[in-house]
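The values are calculated or read from the model by the stated rules, or taken from the named source; none is laboratory data. The structure presented is a predicted model; accordingly, all values stated were derived computationally and were not measured. Cβ: placed from backbone, ideal geometry, glycine included. Neighbour counts: every protein chain shown.
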Amino acid sequence: MTGAVIVWFRQDLRLKDNPALHAAVQTGQPVIPVYIWSPEEEGDWPPGAASRWWLHHSLQALAADLESHGSRLILARGRALAVLKELATATGATAVHWNKRYEPAAVQCSQQVAKGLGVETVEFNGALLSDPTKFANKTGKPYQVFTAFKRGLLHVLDPGPLVPVPRTFPNPTRWPKSASLKSLELMPKIQWYKTMEANWTPGEQSANKRLTQFLRQTVDDYPTTRNLPAVDGTSRLSPHLHFGEIGPRQVWHALGARGRNSVFMSEIVWREFAYHLLHHFPHTTTQPLHTEFEKFPWRRDARLLRAWQQGMTGIPMVDAGMRELWGMGWMHNRVRMVVSSFLVKNLLIGWQQGAHWFWDTLVDADLANNTLNWQWSAGCGADAAPYFRIFNPETQAKRFDPQNLYIRKWVPQEGHPKPIVDLKKTREAALDAYVTMRRERREKG
């Protein structure tokens, strides 16, 4: 097996348009695909329960796809450097290929592997349209405004052609040992995931079907339907994109010329913006980009936080969203804005609390997007909504769920609690807190 190439799968669980895999096959050497479960190397953000459920099924799908092409997926558990060293020694591998990740802990892990492995290592970009390490504004500084970022990106962007699924996989004469998928213990011990199971099918094939369906049935009406939570009017590609079951270049090419300046393409570019910010401002996973918010008087109230988490606030639109999240592992984007605004601006609970809850309960939990979107809601991040912009859940429900179809699906008419806060009074309190924070900052110079 001398000269084998190990392909280290990470958040790129697909065969099509996978640059690391394609380059490995092109060498003509035996190719050994491997996935390493190493939550301890994810820093403060190991995958949450919903993400682990998705990952289990995504790995199952990837293994089946590889087997259908005459290859197989080696599973391992442990620190990446140690596992890859052992594999390289056992197989005689002379190179390891992988697609980049951009989360701070993942970057550190990649650097450790590249420095300590002792064989050739090659990184590729398979997760984004652009590489945030190589893209900046005209002054060489990171972008902090989305419209400028989008304009700059689209001006220079050339994703290039897609790379195909390899026709054949050169195999080693002897495969290394693999852990069982069950031994990774990704599945919850309590079967709370039945609703997710009925509504999601992880894997590359499902991702491609979802994209095809979206382009045929939904994309033309997307500017309107994306705001209606009772309608299947969004792509629902977010978990597939996060786990790399489909890549943004595939979406770009599928949209074609008509999609370059479309509303949906803006959502793809927003994802790029999130990774751009995470790369340049890695501290923002827990700290506000605008430092004045470090002094904001966030409230610590376990009772109010628990009511929000359980969908028991007495505010129908908020509770519907939080119950959809618990049941589906997902929430409609319009409702995400409503529930996050309610947490940070009506309950005055810090955005970090919301970010951690979403991280554990979303199947599409993505560190870059989670960070950007929560800081956007709190008014403390790049291109953030002004703090005085406070979503009124009742107004939002009347506008985007006028027949209460979404609310009735998740919130029964009977037994719903009374509101835990007064929307008008808490809005005024939030604005007062913001004004006080700004005044104190000016006084301190």
Problem - Enumerated helices (runs of 4 or more DSSP H) restricted to segment 156-261, each holding at least 1 residues that are within 22 Å of the chain's Cα centre (by Cα) and aromatic (Phe, Trp, Tyr) - result: 204-217, 222-225, 248-255
Exercise for the section: Return a yes/no flag: does segment 176-199 have any residue that is in contact with a Gly (Cβ under 8 Å, 6 or more places away or on another chain) and either in the same structural domain as Gly259 (by TED's automatic domain parsing) or under 30 Å from Ala93 (Cα atoms) (or both). Expected result: no
Exercise for the section: Provide a single number: the residues in segment 132-151 that are within 12 Å of Asp383 (Cβ to Cβ) and either among the β-branched types (Val, Ile, Thr) or in contact with a Phe, Trp or Tyr (Cβ under 6 Å, 6 or more places away or on another chain) (or both). Expected result: 5
Fill in the blank from the handout: Turns out the helices (runs of 4 or more DSSP H) fully within segment 364-445 with at least 3 residues that are without any contact (Cβ under 8 Å) to a residue 24 or more places away in the chain are 393-400, 423-444
Completion exercise
Exactly one of Leu304, Leu289 is touching a Cys at 6+ places or on another chain (Cβ under 8 Å) and either outside any helix (DSSP H, G or I) or surrounded by fewer than 21 Cβ atoms within 10 Å (Cβ to Cβ) (or both), and that one is Leu289
Practice task
Return the pairs, sorted by first residue and then second, in which the second residue is buried (at least 22 other Cβ atoms within 10 Å of the Cβ) and of a type in the set (Phe, Trp, Tyr), the first residue lies in segment 20-33 and is in the same structural domain as Ala4 (by TED's automatic domain parsing) and farther than 17 Å from Thr173 by Cβ, the beta carbons are less than 9 Å apart, and the residues are 6+ apart or on different chains.
Solution key: Ala20/Trp8; Ala20/Phe9; Ala20/Trp98; Leu21/Phe9
Fill in the blank from the handout: (1) assigned to a helix (DSSP H, G or I); (2) surrounded by fewer than 21 Cβ atoms within 10 Å (Cβ to Cβ); (3) touching a Pro at 6+ places or on another chain (Cβ under 7 Å) all hold for Gln108 apart from (3)
Exercise for the section: Looking only at segment 307-359, count how many residues are of a type in the set (Ser, Thr, Tyr) and outside any loop (DSSP other than H, G, I, E, B). Expected result: 2
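Okay, residues lined up against (1) under 22 Å from the mean Cα position of the chain (by Cα); (2) more than 23 Å from Phe214 (Cα to Cα):
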residue: Val263; (1), (2): yes, no
residue: Glu267; (1), (2): yes, no
residue: Pro282; (1), (2): yes, yes
residue: Lys295; (1), (2): no, yes
residue: Arg299; (1), (2): no, yes
residue: Leu305; (1), (2): no, yes
residue: Glu324; (1), (2): yes, no
residue: His332; (1), (2): yes, no
residue: Arg336; (1), (2): yes, no
